[in-house]
Each structure stands twice: as C-alpha cells, then as structure tokens.
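**Q** Take a look at this one; I'll ask things after.
The values are calculated or read from the model by the stated rules, or taken from the named source; none is laboratory data. These numbers come from a predicted model, not from an experiment. Glycine gets a Cβ as well: all are built from the backbone with ideal geometry, and neighbour counts include every protein chain shown. Heavy atoms of the whole protein, side chains included, go into the accessibility calculation; ligands, DNA and RNA do not. Shrake-Rupley method; radii C 1.70, N 1.55, O 1.52, S 1.80 Å.
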Amino acid sequence: MSIPLALYIHIPWCVKKCPYCDFNSHELGTDVSTSMYDEYVDALLLDARMQRPLTQGREISSIFIGGGTPSLLPIAQYQRLFSGLRACFNFADDIEVTMEANPGTLEHAPFPEYLEVGINRLSIGVQSFAADKLQTLGRIHDPEQAVSAIKAAREAGFARVNVDLMHGLPQQTLVEALHDIQMAHDTGATHISWYQLTIEPNTVFYRSQPILPDEDSLADIEEAGQALLQSLGYNNYEVSAWAGRLDAPCRHNVNYWQFGDYLAIGAGAHGKVSINEPADSKDDSSKDNSSKDNSLLNTGSLDTDLTAISFKNNPYLKQAGIYRFSKSRLPKDYVAHKDEAIDPDNRAGQDSKQQSEVGQKAPKMIGWQVIASDELVSEFMLNALRLHDGVTWALFEARTNLSYSDIASQVDKLVSQGLLIDSKDKLQPTALGQRYLNQILREFL
C-alpha cells in the first residue's frame, strides 16, 4: 500500500486541567505510583501488538505522543515503551517522533534521554508569554519557565521545537499577541502553531465564558500576526501551522491532513486505517515473517509469549474499506478492559493460557466502523482544505477510492464562487476560500 502509516500515542494525565481544554486528559492527583505507569505502558504495548496486522507490511513514518502531558511519564517508561514498539513495528529510517510537553513539567527534563530513545521533535505548550494570560488560562508555568524550557530543549540538541501559542485570549491586545510570537521566535522555536482560542463544550470556559476580544480586534490580531510570522521567515503551510526556515512541516500532522492512515494506542485514542483486501480472501497458510510485502499476515517477531492475532479470524479485518476506531476513554478502563472481539472462541489455535491473557488485558477496540462513501468526501475535505497548497485530485482518488466526477458539480459551484482554484489537477482553496472553509465544507456534507 502506498498510503503512509503513522502512530498516535496518548498519555492521559496532566497536573491540572485547563479551563479551555476539551481533550481526554485527567488530573494526576496524589496517588501516583510506579505500578500505575507500569500497567499503562503494558497496555500500550499490548495494544500495539494487537494492531500490528493493520500495518499491512508498512513502516511507521511518524509518531506523535499527545495528551494530557506526555512529559509526565518517566523516562524509564519511555525507554521500555520504545523498546517494545521497535520490536513490534518497522520504523522508517527517518521517522519523525514528536512529544508534547508543558513548560511546568520540564524543569528537570531528561532531554538527552528523550533523544536517545528516538524522540526527535518537541511540541511545547506555551500558549502565552504573559503572566496574567497564563493565569487566566489555568497554566501551571510562568513566562520564565517557558523561555527556559525552549532554550534547554535547543541546547540539549533538539533541532526541531514547535511552540504552541494562542491568540484571541481574554483581554489580549494586539501588542501582546505579537509579543508572544516574537518571544517564541527569539527563544528558539523552529516551528510555531498559532491558533485562536475557541470555547468548546464540556469545558470550564463554556460554563463560565470569559470576555474575549471583539471580531474587529480578532481580525486585526490575525492579520498582524500573520504578517509578523511571514517577516520572521515562517511558512504558513496549514491554517495554524508555521514552519521556520530551518524546519519542515510536521510530517505527522500533514499525514492527517492528507487523509493518511494512523494507528492509535492509549486511552481515548482515535485511529484510521485502510484495509485493501478482506481477510477471507487471504491465504492464511503462509507465516513468512521475514518478507516485507503488503500481506497482513506479516506479524513478525513480537518478543512476547502471546501469539499474534490470526489474520483470517480477526473480526476487524473481514471487509475491505476505510475504517475508523477508538479506544476506551478512561485510563482505568483502557488498562482493565476485556476485548470481547479478540478471537473469543479460540479459532486461531491459541492455548487457553494465551487466550486468557489476551482476553483479560487487551485494551478494548470500540467504535470500529467502516467510513461510508458520503462521509469519506466530507472527512477528506475537512482535512485537506486546511493545507494552503492543497492536494492533488489523484491523492483524493487514491485515499478515498472515489473519483473526481463524484464531486465535480460541487467543485464547479465553489470555483464559480471564488472559493476554490479552477484546476483539474489540484484541490486548493483560494485566499478567500481559506477564510471561509466552513462554507466550502458545507457543500460536501
């Protein structure tokens, strides 16, 4: 398969839940124990082994460790995790591995050890360099810690450091927003994610909404901020993503936006995979683990006493198609859940002990479903239209198994409205279309 494959890893804990955050994150509390981390990493590794057949012989081209606050996980656990992942998957030689981190958890960060295990890109959640804005956002760090974290990461050898910044914050002025960008650049950011604060349901800010800048002020901040980023040499390759002169776009996120495939391990993690041939059409007699063709039979050596899932009896692989899936949301459920779908009748020939271990420990695969054809269009567009350079129509056809003719009428309408560029080779929004992406998306719902 030519579709690239990535891996998302979710670390669910944080020190304190921020009032704007709607991610699957859980305050760590005071009952932290080594056994809790051990059990979670055990579950991650078993989860990875259960998803090994979904690689279909492909290498992992990128990994993104998100959260929560992944920098809370001890380095010894990362060493164990990556040792297990390398035994399970084939990593690309130039694999990109990003870890999210918060300045308040990086005072004594083992930066050299992160690099040693293979993490080669950091994404530091600064959000603002203004003390009062950090307090309003519920962040646990101060501006000095933010500066120190970025500098320490660069000095330790991280050539790629993204800094997350928010704009449109409560009572934020244009000068303050521009100061944040300049500080991130001057401190050593090689990539900046600059996005507007939005109020999401199920957050503290949604229940008690702060006063945000008015629409005119937001527009002025966005225009001036984009101009500053451009003057500093950053390339705006996606709505909120800016790559510096000496850096490149985030490969992992570009794979999302180009509708690539990604496995997902961890509490609440979401994945998407393309199955190119139904399992029942495969010959399950060959177990050649040395070859690297596209066969889902290539489970390889798993360095474990658990037998790899049988391809033919795997209930997840019964039909060709493009699938989405997710994992149990609560960490305790993710670690403890029994996956009823894992060969419960022992059809794969596993002995009773192996069956019992798999059944008791396997993190549950929930929400496994094929993406319907009409949803494929909207999902592809939701992602691809974020890329300012667009994507080719050939990519649309390859990633969705649909054809340009299936959506030609909608495209013609949007071209006539000046929202899409008139091109038979590429799907690309115009400058006007970049401002009105939701209007474009409505045409494909």
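**Q** Please specify each residue of region 26-48 satisfying the condition of being under 19 Å from the mean Cα position of the chain (by Cα) and either open to solvent by 40 Å² or more (accessible area, probe 1.4 Å) or modelled with pLDDT under 90 (or both).
**A** Matches in region 26-48: His26 only.
**Q** Hey, among the residues in region 49-98 that are under 18 Å from Gly271 (Cα atoms) and aliphatic (A, V, I, L, M), which one's farthest from the chain's Cα centre (by Cα)?
**A** Restricting to residues being under 18 Å from Gly271 (Cα atoms) and aliphatic (A, V, I, L, M), the top hit is Met50.
**Q** Further question: Report, by residue number, each residue of region 59-72 that is surrounded by fewer than 23 Cβ atoms within 10 Å (Cβ to Cβ) and modelled with pLDDT under 95.
**A** Correct list: Leu72 only.
**Q** May I pose another question? Tell me which residues, restricted to region 145-192, are part of a strand (DSSP E or B) and either open to solvent by 30 Å² or more (accessible area, probe 1.4 Å) or touching a Gly at 6+ places or on another chain (Cβ under 7 Å) (or both).
**A** Result: Val161, Asp164, His167, His191.
**Q** Sticking with this one: What's the number of the only condition in (1) touching a Pro at 6+ places or on another chain (Cβ under 9 Å); (2) open to solvent by 20 Å² or more (accessible area, probe 1.4 Å) that Leu134 fails to meet?
**A** With (1) touching a Pro at 6+ places or on another chain (Cβ under 9 Å); (2) open to solvent by 20 Å² or more (accessible area, probe 1.4 Å) applied to Leu134, the lone miss is (2).
**Q** Based on this model, can you work out whether Tyr20 counts as touching a residue at least 60 places away in the same chain (Cβ under 8 Å), assigned to a loop (DSSP other than H, G, I, E, B) and buried (at least 18 other Cβ atoms within 10 Å of the Cβ)?
**A** So Tyr20 passes the test.
**Q** Here is a follow-up. Can you name every residue in region 104-144 that is part of a helix (DSSP H, G or I) and more than 25 Å from the chain's Cα centre (by Cα)?
**A** Across region 104-144, the qualifying residues are Ala131, Asp132, Lys133, Gln135, Thr136, Pro143, Glu144.
**Q** Ok, one more. Looking only at region 193-209, how many residues end up being buried (at least 17 other Cβ atoms within 10 Å of the Cβ), among the hydrophobic types (A, V, I, L, M, F, W, C) and out of contact with any helix residue (DSSP H, G or I) (no Cβ under 7 Å at 6 or more places or on another chain)?
**A** Residues that pass the stated criteria total 2.
**Q** Here are Tyr237, Tyr195: which of them is part of a strand (DSSP E or B) and farther than 22 Å from Cys18 by Cα?
**A** Within the list Tyr237, Tyr195, the selection yields Tyr237.
**Q** Pick from region 396-420 the residues that are in contact (Cβ under 8 Å) with a residue 24 or more places away in the chain and in a helix (DSSP H, G or I): which of them is nearest to the chain's Cα centre (by Cα)?
**A** Arg399
Conditions (1) assigned to a helix (DSSP H, G or I); (2) open to solvent by 20 Å² or more (accessible area, probe 1.4 Å); (3) on the phi > 0 side of the Ramachandran plot, marked per residue:
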| site | (1), (2), (3) |
| --- | --- |
| Gln77 | yes, no, no |
| Leu81 | yes, no, no |
| Gly84 | yes, yes, no |
| Ala87 | yes, yes, no |
| Ala92 | no, no, no |
| Glu100 | no, yes, no |
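**Q** Would you check which residues across region 222-257 are open to solvent by 50 Å² or more (accessible area, probe 1.4 Å) and either of a type in the set (Ser, Thr, Tyr) or within 16 Å of Ile63 (Cα to Cα) (or both) and list them?
**A** Once the filter is applied, which keeps residues that are open to solvent by 50 Å² or more (accessible area, probe 1.4 Å) and either of a type in the set (Ser, Thr, Tyr) or within 16 Å of Ile63 (Cα to Cα) (or both), region 222-257 yields Ser231, Pro249, Arg251, Tyr256.
**Q** Please find, among Val175, Val117, the residue that is of a type in the set (Val, Ile, Thr) and within 21 Å of Leu73 (Cα to Cα).
**A** Val117
**Q** If Leu7 passes every condition in (1) open to solvent by less than 70 Å² (accessible area, probe 1.4 Å); (2) on the phi < 0 side of the Ramachandran plot; (3) not in a strand (DSSP E or B) but one, which one does it miss?
**A** Checking Leu7 against (1) open to solvent by less than 70 Å² (accessible area, probe 1.4 Å); (2) on the phi < 0 side of the Ramachandran plot; (3) not in a strand (DSSP E or B), the one that fails is (3).
**Q** Shifting gears a bit: Out of the residues in region 258-285 meeting the condition of being farther than 16 Å from Ile60 by Cα and among the small types (Gly, Ala, Ser), tell me which one is modelled with the lowest pLDDT.
**A** Ser285
**Q** Looking at region 56-69, which of its residues are in contact (Cβ under 8 Å) with a residue 60 or more places away in the chain and closer than 20 Å to Glu113 by Cα?
**A** Scanning region 56-69 gives Ser62, Ile63, Phe64.
**Q** Quick one: in region 421-441, of everything that is under 18 Å from Thr392 (Cβ atoms) and more than 27 Å from the chain's Cα centre (by Cα), which residue is least open to solvent (accessible area, probe 1.4 Å)?
**A** Filtering first and then ranking leaves Ser423.
**Q** Hey, another quick one. Find all pairs meeting these conditions: Cβ atoms under 7 angstrom apart; at least six residues apart or on different chains; first residue within region 71-86 and under 13 Å from Tyr37 (Cα atoms) and of a type in the set (A, V, I, L, M, F, W, C); second residue at pLDDT 95 or above and open to solvent by 40 Å² or more (accessible area, probe 1.4 Å).
**A** Sorted first by the residue in region 71-86, then by its partner, the pairs are Ile75/Glu113.
**Q** Among the residues of region 318-331, is there at least one that is open to solvent by 20 Å² or more (accessible area, probe 1.4 Å), at pLDDT 60 or above and in contact with a Lys or Arg (Cβ under 7 Å, 6 or more places away or on another chain)?
**A** Looking through region 318-331, at least one residue is open to solvent by 20 Å² or more (accessible area, probe 1.4 Å), at pLDDT 60 or above and in contact with a Lys or Arg (Cβ under 7 Å, 6 or more places away or on another chain).
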